[in-house]
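Report on one structure; see the data block that follows.
The values are calculated or read from the model by the stated rules, or taken from the named source; none is laboratory data. Every value quoted in this text rests on a predicted model; they were computed, and no experiment measured them. In this analysis, Cβ positions are derived from the backbone assuming ideal geometry, glycine residues included, and neighbour counts consider all displayed protein chains. To get the accessible areas, we keep the full protein, side chains included, count just its heavy atoms, and leave off ligands, DNA and RNA. Shrake-Rupley method; radii C 1.70, N 1.55, O 1.52, S 1.80 Å.
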Amino acid sequence: MKALPALPIWTIVAPIAGWVLLVGQGLGLGAAYAAVLAIGLLAGVLAAVHHAEVVAHRVGEPYGTLVLAAAITAIEVA
C-alpha cells in the first residue's frame, strides 16, 4: 500500500487561526483588525479548498468533481 503524503502545515494552522481571529473580533480593534480578519477568512477558504482537492484526488472521477462542487457551494452559501 502506498503511503499518503502529509498535509501541509498551513492547511491545519489557517482554519485554527481564523477561529482565533474571529473570537478576537469582539475586542473592537477597528478597521485594521477587519483587514486581518479578511486575510484569515481567505486563508481558511484556501485551506478548505485544498482539503477538498485532496479528497477529490483520492476518490477519483466522477465523485471527485462532486466533492469539489459541494465544497465550493458550501463556501459560497456560508
For residue 67, are the conditions met, namely being within 18 Å of residue 18 (Cα to Cα) and open to solvent by less than 80 Å² (accessible area, probe 1.4 Å)? no
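Could you identify the single residue in 29, 7, 42, 22 that is at pLDDT 90 or above, among the aliphatic types (A, V, I, L, M) and surrounded by 12 or more Cβ atoms within 10 Å (Cβ to Cβ)? Show your work before the answer.
Values: 29 fails: at pLDDT 90 or above; 7 fails: at pLDDT 90 or above; 22 fails: at pLDDT 90 or above.
Result of the check over 29, 7, 42, 22: 42.
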